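Written out below as structure tokens is the structure these notes cover.
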């Protein structure tokens, strides 16, 4: 574990756009566009957005600045723009995931990179390189934390490891050398925070703390750029990230094949706006509807087996999960999301309007969620098992190793664009959505990064 902080800092400092594999660049741009769609829609519809914007105004942080909020034409100081883009990007729970670290890489990293990139006038290629650097840092630290152990301690890895990823992106764009980036990590060690307590009442904390991770990354980079004397060894030290935040640290995973194996290519895109641990089961139910003629009225009982992380997040306490009282509750409810899929064969953002629907409640009562130990000890924790007992007594069983959207089933360009359009067009219109999508997909060929719909 010795010198892990400097190993990662040197990697970030030395990373050059021209040295990046083309497929890694293409993937980073696609993931950034995917996040942008969520930012745009959440800015218009997420129930937490008015409170966040009001708080920004109350604190006097809404003054004009150099960094934009995606799709709005509004510009703020870089930390505030990062905060807003990060919080909005995570509000729909429709943003990308990295299975091995069980975190959402883009939500903290991309907003930090965009904010600093705009502030310093970086080229699009420089911003893309910073995003990839941030992805690699946060994904690898998430793996090193051991997500199961990290969750067991009550932490949200997107907010904790994500702070370091955001700092990596910001510090790189501020032009810092390895020692400067290490200082930014030193500040990040005091800022990395994110509790799972929101699961108890459906609070909006998860959205905010990811935005805070993006903001804190920007602030860490700025402090380091101005010579701030920060804590040494914030990752591997006596009170560092891998000591204080987990009981199962695997530090060797943080630097293994660094710059050779790209964790960026292992980031998956969500097909449904809910916790990733619900997705394999939703895929399975969707397939059974189309291939086996499963319908809600034919299913007497549905038992869904999940990894213990999935139980913590989406399956317990089961009676409460069957009756989500808010969008956040619904996003983390295996019974609710399964009921929607059973009922209509699809699940999208607009389906949260069906919270409290009597027919869905009745369906949710027929959905059991259990811990399936056969899903543990595997490389990825997102799989599911299905046992459907039909009204006639027949039983159908299925095992879904990974949800759709993972690297092996990564959506093609058309599918990604369709998801983006579904989210962005209702807010920006066809022309605005097109311009914004192209701004992200062509980012590396532009002299500057652009996030506002008007300027795109």
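Nothing in this text is a laboratory measurement; each read-out follows from the coordinates by a stated rule. This one's a predicted model, so the numbers in the text were calculated from it and none came from an experiment. So basically every Cβ, Gly included, is an ideal-geometry build from the backbone, and we count neighbours across all protein chains shown.
Of note:
- Size-normalised alpha-carbon gyration radius of the chain, reference 2.2 N^0.38 Å: 0.93
- For the stretch 41-169, the square roots of the Cα gyration tensor eigenvalues, ordered a ≥ b ≥ c, give a/c of at least 1.5 with a/b no greater than b/c, which places it in the oblate category.
- Across the stretch 276-400, Cα-Cα pairs more than 21 Å apart make up 31 percent of the total.
- Remark: the Cα gyration tensor places the stretch 37-79 in the oblate category, a/c being 1.5 or greater and a/b not exceeding b/c.
- Take 227-234, 14-21, 202-209 and order them by the average number of nearby Cβ atoms within 10 Å per residue, most first; the result is 202-209, 227-234, 14-21.
- Only beta bridges with both residues in the chain are counted; by DSSP, about 80 percent of them are antiparallel.
- Evaluated at q = 0.20, 0.25, 0.29 Å⁻¹: base-10 log I(q)/I(0), Debye formula over Cα of the stretch 191-244: -0.85, -1.00, -1.07
- Placing R0 at 25 angstrom, the Cβ-Cβ distance between residue 265 and residue 373 gives a FRET efficiency of 0.25 after rounding to 0.05.
- Label zone at residue 353 (point 7 Å along Cα-to-Cβ), backbone N below 17 Å, the stretch 34-59: 41-42, 44-47
- Full extension of the chain between residue 57 and residue 44 gives 3.0 nm of extra length, using 0.36 nm per residue less the Cα-Cα distance.
- Ranked by how many other beta carbons lie within 10 Å on average, peptides 28-41, 134-147 from highest: 134-147, 28-41
- Crossing angle, helix 334-344 versus the chain [Cα axis fit, 0-90 degrees, rounded to tens]: 60
- Rounded, prolate or oblate (a/c below 1.5 giving rounded, otherwise prolate when a/b exceeds b/c) for the stretch 345-413 by Cα gyration tensor: oblate
- Reported to the nearest whole Å, the Cα centre-to-centre distance from the stretch 230-296 to the stretch 386-416 is 18.
- Angle in degrees between helix 106-120 and the longest Cα principal axis of the chain, rounded to the nearest 10: 30
- Theoretical FRET efficiency, 1/(1+(r/R0)^6), r = Cβ-Cβ of residue 201 and residue 446, R0 45 Å, to 0.05: 0.55
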